[in-house]
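Colleague: I have a structure I would like to understand better, so I am pasting it below and will then ask my questions one at a time.
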Amino acid sequence: MSEQQGRSIRCLVAKVGLDGHDRGAHVIARAFRDAGFEVIYSGLHKAPEDIVQAAVQEDVDVLGISILSGAHNTLVPKIMSGLEEYGAKKDTLVLVGGVIPEEDKPGLKEEGVAAVFGPGTSMEETIEFVRSNAPDR
Amino acid sequence: MSEGHEQLLEDLLEGKHRALARVISKIENRVPGYRELVSSLYEHTGDANVIGITGSPGAGKSTLVDKLAESYREQGQTVGVIAIDPSSPFTGGAVLGDRIRMASTIGDMDVFVRSMSARGTLGGLSTATADAVKAMDAFGKDTIIIETVGAGQNEIDIVRTADTVAVLVPPGSGDSVQTLKAGILEIADVFIVNKADRPGANRTVQELLEMIELGEGGQPASTGHHGAGATAEPSEPASTDGPKTWTPPVVETVATEGTGVGDAIDEFDAHRTYLEASGKLADRQQMRYAEEIRTLLREDVHTLLERELAAAGGVDALAEAVRTGATDPYTIADTALDSVETCLEELELDGVEVASK
């Protein structure tokens, strides 16, 4: 699907909330680029509504949210309902990366997050997941 | 037009952001049926003021665009931004970073920022940009800003889709010969010396003014009052009828602080007034559409030929024949085009006249 008509998978790599650790986001952004994806990086300290705005306007296939602050249970639902508001929730693949306790994962999945990638996830695994799950529009 | 596209068009005209975003994606990806979609956008366009911003990497384009968008919003206008970044020629991947600088208007949905990568084929990107501008225009954006790195013909073609072109020149970016070499004098309607608080800014302004003067055929351009922070303004102030000639002014800005952004907007407005008063706006639009038609025809013929070539077994066997010395590329091209030429003789371009929809 991604090869058709020169279509390239578009991703937004987003840092949301107050944590300032963006090494992981940078590494992911680079790896995605090298995999042939188009990556839009949000920059640090973005509010959920900023992320929603960027995801909607850029019409991304994939939204990767990096959260290391532990506020995922507050921030992720806000982003998901924002996407819903603009009709973008059902055909955006939402991923969460960061340190997410095992018991929080089912809740995030229920919100509509497709996968949670914790520390130690290999880059190949993430890229492969995106390739096989990016929404077919 | 397919039902899905009908709905999309309707949603776009109603002002749904998601629909605008999706239409631009379809334009970028050249999905089947996108042409009918763009074609039906045209009747809803023509109201937007389109500004092109170009300049070398690190000149401060994104930061300036952010501040311009903020100022236009303060005037009550809605703004569309198309930011174009290079993509890797190896993987096709790209990191589109312009959005990070768009911090002043973040959270304001009436500033629609769209990043595009330069992944298109030659000439294709300027078509895609022009089409994306049409989509934003039809959506109802008052001002549309196109931002692109000013390196190479491709970028110049892109920025030409704008009504007003501003070229950003950072201080100390070489002597005037370098500037002439880059060919920026011809495309700039407004020069902006950004980072004007840096050493060498005055000199850069002076060099630009000299260059503009030379470009004017030696007419003495008033050098104005280019003191610290002041705007050098060789152009005449707009009279009631508007000016009939245009000399690119040089504006000094410090985009990070917002200094001079108002002056830049004043010059953009003055240029717009000039375009309208002198009739140049119509000329430019006509030229632009002529170029669009040519590009479309070129691309379409190219696609047709590629398809034929693929059907005939692809280019590899032919390339191998050239390698082994059996033939040469010119002979192959001539032979292949023989039949095309025969067809062309029967072509009736008269049929195209003004075939309205």
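The values are calculated or read from the model by the stated rules, or taken from the named source; none is laboratory data. A quick note: this is a predicted structure, and the numbers were derived from the prediction, not measured. Neighbour counts run over all protein chains shown; Cβ positions are idealised from the backbone, glycine included. Protein only, heavy atoms only, side chains kept; ligands, DNA and RNA dropped before computing areas. Shrake-Rupley method; radii C 1.70, N 1.55, O 1.52, S 1.80 Å.
Colleague: Please compute the net charge surrounding residue A:45, taking Lys and Arg as +1 and Asp and Glu as -1 over other residues with Cβ under 10 Å from its Cβ.
Modeller: Numbers: positive: A:15, A:46; negative: A:19, A:22, A:50.
Summing Lys/Arg as +1 and Asp/Glu as -1 gives -1.
Colleague: Given a 1.4 Å probe, how much area per residue of chain A is accessible, in Å²?
Modeller: Details: 5980 Å² over 137 residues.
About 44 Å² of surface per residue is accessible.
Colleague: For peptide B:64-77, compute the average count of partner chain beta-carbon atoms within 10 Å of each residue's beta-carbon. Can you show the working numbers first?
Modeller: Working: counts 0, 0, 0, 0, 0, 0, 0, 0, 0, 0, 0, 0, 0, 0.
Per residue, the average neighbour count from other chains is 0.
Colleague: Taking 0.36 nm per residue of separation and subtracting the Cα-Cα distance, what length does fully extending residue A:109 through residue A:34 add?
Modeller: Result: 24.2 nm gained on full extension.
Colleague: How big is the B-A contact in terms of buried accessible area, both chains counted, 1.4 Å probe, rounded to the nearest 100 Å²?
Modeller: Details: alone 19010 and 7280 Å², together 23720 Å².
Adding both sides of the contact gives about 2600 Å².
Colleague: With r as the distance between the Cβ atoms of residue B:14 and residue A:131 and R0 = 60 Å, compute the FRET efficiency 1/(1 + (r/R0)^6) and round to 0.05.
Modeller: For R0 = 60 Å, the calculated efficiency reads 0.95.
Colleague: Something else now. In square angstrom, rounded to the nearest 10, how much accessible surface does residue A:86 have for a 1.4 Å probe?
Modeller: In the full protein context, residue A:86 sits at about 70 Å².
Colleague: Go ahead and run the numbers for FRET between residue B:257 and residue B:344, Cβ-Cβ distance against an R0 of 41 Å, rounding to 0.05. Numbers along the way, then the final one.
Modeller: On the way: r = 59 Å, r/R0 = 1.43.
Between residue B:257 and residue B:344 the formula returns 0.10.
Colleague: Sticking with this structure for a sec: Sticking with the crude label model, points 7 Å out along Cα→Cβ, report the distance from residue B:1 to residue B:292 in nm, one decimal please.
Modeller: Taking the two extended label points, one gets 1.5 nm.
Colleague: Which of the residues in region B:1-29 show a loss of at least 50 Å² in accessible area from their chain by itself to the complete set of protein chains, at a probe of 1.4 Å?
Modeller: Listed in order, they are B:18, B:22, B:29.
Colleague: Still on this model: Determine the distance separating the Cα centre of region B:3-82 from the Cα centre of region A:51-73; give it in Å without decimals.
Modeller: Using only Cα atoms to place each centre, the spacing works out to 22 Å.
Colleague: Now, a different point. Tally up the carbon and sulfur contribution to the accessible surface of chain A as a whole percent, 1.4 Å probe, everything protein left in place.
Modeller: Numbers: 3030 of 5980 Å².
That fraction is 51 percent.
Colleague: Same structure again: Accessible area of region B:289-352 with a 1.4 Å probe: how many percent of it is carbon plus sulfur? Mind showing how you got there, number by number?
Modeller: Working: 3260 of 5320 Å².
That fraction is 61 percent.
Colleague: When we measure straight from the Cα of residue A:46, which lysines land under 20 angstrom away, once same-chain ones fewer than 8 places off are left out?
Modeller: List returned: A:15, A:78, A:89, B:67.
Colleague: Here is a further query. Mind checking the log10 I(q)/I(0) for chain A at q = 0.15 Å⁻¹? Debye, one equal scatterer per Cα, no solvent, two decimals.
Modeller: Ignoring solvent entirely, the Cα scatterers give -0.65.
Colleague: Would you mind calculating the gained length between residue B:326 and residue B:285 on full extension (0.36 nm times residue separation, minus the Cα-Cα distance), in nm to one decimal? Before the final figure, lay out the partial values.
Modeller: Values: separation 41, 0.36 × 41 = 14.76 nm, distance 4.86 nm.
Separation in residues times 0.36 nm, less the Cα-Cα distance, equals 9.9 nm.
Colleague: Just tell me how shielded A:52-62 is by partners: mean number of partner chain Cβ atoms within 10 Å of each residue's Cβ, no decimals. Show your work: numbers first, answer last.
Modeller: Values: counts 2, 10, 5, 1, 8, 14, 10, 12, 3, 1, 0.
The mean count of partner-chain Cβ atoms within 10 Å per residue comes to 6.
Colleague: To continue, here is another question. Taking the alpha carbon gyration tensor of region B:289-352, what are the square roots of 5 times its eigenvalues, largest first, to the nearest whole Å? Write out the running numbers ahead of the final one.
Modeller: Numbers: eigenvalues 155, 39, 22 Å².
Gyration-tensor ellipsoid for region B:289-352: 28, 14, 11 Å.
Colleague: Please work out how much length the chain gains when fully extended from residue B:31 to residue B:244, using 0.36 nm per residue of separation minus the C-alpha to C-alpha distance, in nm with one decimal. Can you show the working numbers first?
Modeller: Details: separation 213, 0.36 × 213 = 76.68 nm, distance 4.33 nm.
Residue separation times 0.36 nm, minus the Cα-Cα distance, leaves 72.3 nm.
Colleague: Would you mind computing, in nm to one decimal, how far apart the modelled labels at residue B:336 and residue B:277 are, each placed 7 Å from Cα along Cα→Cβ?
Modeller: If labels sit at residue B:336 and residue B:277, their model points lie 5.3 nm apart.
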